[in-house]
Number of protein chains: 2
Amino acid sequence: MQRDTAQRRAIRRALDEAGRPLGALEVLERAQRDVPGLGLATVYRNIKALVADKAVTPVELPGQPPRFESAGKDHHHHFLCAACGKLYELDGCLVELKPLLPRGFQLRAHELLLHGLCAACSK
Amino acid sequence: MQRDTAQRRAIRRALDEAGRPLGALEVLERAQRDVPGLGLATVYRNIKALVADKAVTPVELPGQPPRFESAGKDHHHHFLCAACGKLYELDGCLVELKPLLPRGFQLRAHELLLHGLCAACSK
DNA sequence: GTCGTTGCAAAGCGTTTGCAGCCTA
DNA sequence: TAGGCTGCAAACGCTTTGCAACGAC
């Protein structure tokens, strides 16, 4: 059975309050404000469990370690700024995917990542 | 200046003849048919150079090491089968992305990955 | 002969795991 | 008090790097 520990609460809180996807080390850093002795292994173990429970979604970026965001938001995609490295959330999804599928293929999910320059960096 | 070695030729050939994205170990395996003594470090070094030259494109999959495919094909995306793990190439791109962008953002590129079941696995 | 390239082994990085002690229920 | 949870350190898988030998030009 699942127990309620200070570590688990701190990790959840870090992800909930971030408002953007966080890497494992960022989660550690933020959660250590609540639980100073927190270890990185515990962060990974809990993130893994949260992802399995679908309470957290991993966000993969080419050539970078994954980041994690709280689930439960509306379907959305991300925009990675090539200059500052920040990952932005975009609203909605205009993609019409079915015509791309070969005959007999079943679509379950999709991921879309845009890159370019964010408003701040394109000046 | 860039030299013409048997290793380099074998690695290029492996990627050119594969017809699908290959992982680093798959490249090693195939290229060793031409150059038995080939080492993994050489594969990584050459792939890195080819990617820098835009002769090869890395394909990132969530939770997996990257695969690589020869560049120069038309713009396309991929479909990952959840059952057999095979990565398929899809033709074309129906995505209309500009409306997703917040004001001031500049779009440079995008990546799209579909997943589901391929024709063989959905029976 | 020069110097880019190679194979090997060691190091690096992010992540996972084994283990003994801890602490929630 | 049982057994899930934790911190630590060691192990892991993939990738990069240091180095001395090699070989293309």
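Report yes if B:Phe68 is more than 18 Å from A:Cys93 (Cβ to Cβ) and not small (Gly, Ala, Ser), otherwise no. Let's see the steps before the verdict.
Working: more than 18 Å from A:Cys93 (Cβ to Cβ): yes; not small (Gly, Ala, Ser): yes.
So B:Phe68 passes the test.
Working only within segment B:1-23, note down all residues that are within 12 Å of DNA strand C (Cβ to nearest atom) and either under 23 Å from B:Asp74 (Cα atoms) or within 14 Å of chain A (Cβ to nearest Cβ) (or both). Lay out the reasoning, then the answer.
We begin by selecting, within segment B:1-23, every residue within 12 Å of DNA strand C (Cβ to nearest atom); these are B:1-12.
Across segment B:1-23, the qualifying residues are B:Ile11, B:Arg12.
List pairs: first residue in segment A:92-117 and at the interface with chain B (Cβ under 7 Å from one of its Cβ atoms), second residue in a strand (DSSP E or B) and among the small types (Gly, Ala, Ser) anywhere in the structure, Cβ distance under 6 angstrom, at least six positions apart or on different chains.
From residues that are at the interface with chain B (Cβ under 7 Å from one of its Cβ atoms), the pairs are A:Gln106/B:Gly116; A:Leu107/B:Gly116; A:Arg108/B:Gly116; A:His115/B:Ala109.
So that you can scan it fast, the table gives a plain yes or no per residue for (1) in a strand (DSSP E or B); (2) loosely packed, with under 14 Cβ neighbours inside 10 Å; (3) more than 15 Å from the chain's Cα centre (by Cα):
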residue	(1), (2), (3)
B:Arg3	no, yes, yes
B:Asp16	no, yes, no
B:Val27	no, no, no
B:Gly37	no, yes, yes
B:Leu50	no, no, no
B:Thr57	yes, no, no
B:Pro65	yes, yes, no
B:Gly72	no, yes, no
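Of all residues being within 15 Å of B:Leu15 (Cβ to Cβ) and not aliphatic (A, V, I, L, M) in segment B:62-91, which is nearest to the other protein chains (Cβ to nearest Cβ)? Just the residue, please.
Filtering segment B:62-91 down to residues within 15 Å of B:Leu15 (Cβ to Cβ) leaves B:66-73, B:87, B:89.
Then drop every residue that is not not aliphatic (A, V, I, L, M), which leaves B:66-70, B:72-73, B:89.
Values: B:Pro66: 8, B:Arg67: 12, B:Phe68: 12, B:Glu69: 14, B:Ser70: 18, B:Gly72: 19, B:Lys73: 15, B:Glu89: 10 Å.
If we take residues in segment B:62-91 being within 15 Å of B:Leu15 (Cβ to Cβ) and not aliphatic (A, V, I, L, M), then B:Pro66 is nearest to the other protein chains (Cβ to nearest Cβ).
Return only the number of the condition from (1) near DNA strand D (Cβ under 9 Å from one of its atoms); (2) part of a helix (DSSP H, G or I) that A:Arg12 does not satisfy.
The failed condition is (1).
Taking the options A:Lys48, A:Lys73, A:Lys86, name whichever one is more than 16 Å from DNA strand C (Cβ to nearest atom) and within 28 Å of B:Pro58 (Cα to Cα).
On the way: A:Lys48 fails: more than 16 Å from DNA strand C (Cβ to nearest atom); A:Lys73 fails: within 28 Å of B:Pro58 (Cα to Cα).
Every option except A:Lys86 fails the conditions.
Here is a check on your reading of the model: is A:Arg45 closer than 25 Å to A:Leu87 by Cβ and within 11 Å of DNA strand D (Cβ to nearest atom)?
Numbers: closer than 25 Å to A:Leu87 by Cβ: yes; within 11 Å of DNA strand D (Cβ to nearest atom): yes.
Here the answer is yes, as A:Arg45 does meet what is asked.
Counting just the residues of segment A:42-61 that are touching a residue at least 40 places away in the same chain (Cβ under 8 Å) and within 11 Å of another protein chain (Cβ to nearest Cβ), which one comes out farthest from B:Gln64 (Cα to Cα)?
A:Leu61
Quick check on segment A:50-59. Is at least one of its residues assigned by TED's automatic domain parsing to the domain that holds A:Leu25, within 28 Å of B:Arg103 (Cα to Cα) and of a type in the set (A, V, I, L, M, F, W, C)? Can you show your working first?
From segment A:50-59, those assigned by TED's automatic domain parsing to the domain that holds A:Leu25 are A:50-59; that's our starting set.
Subsequent filtering for residues that are within 28 Å of B:Arg103 (Cα to Cα) retains A:57-59.
Still in the list and also of a type in the set (A, V, I, L, M, F, W, C): A:59.
Scanning segment A:50-59, I find at least one residue that is assigned by TED's automatic domain parsing to the domain that holds A:Leu25, within 28 Å of B:Arg103 (Cα to Cα) and of a type in the set (A, V, I, L, M, F, W, C), so the answer is yes.
Between a residue in segment A:1-27 that is modelled with pLDDT under 95 and any residue that is surrounded by 15 or more Cβ atoms within 10 Å (Cβ to Cβ) and β-branched (Val, Ile, Thr), which pairs come within a Cβ distance under 8 Å, given they are 6 or more apart or on different chains?
Pairs found: A:Pro21/A:Val59.
The values are calculated or read from the model by the stated rules, or taken from the named source; none is laboratory data. Every value quoted in this text rests on a predicted model; they were computed, and no experiment measured them. FYI the Cβ positions are ideal-geometry reconstructions off the backbone, even for glycines, and counts take in every protein chain you see.
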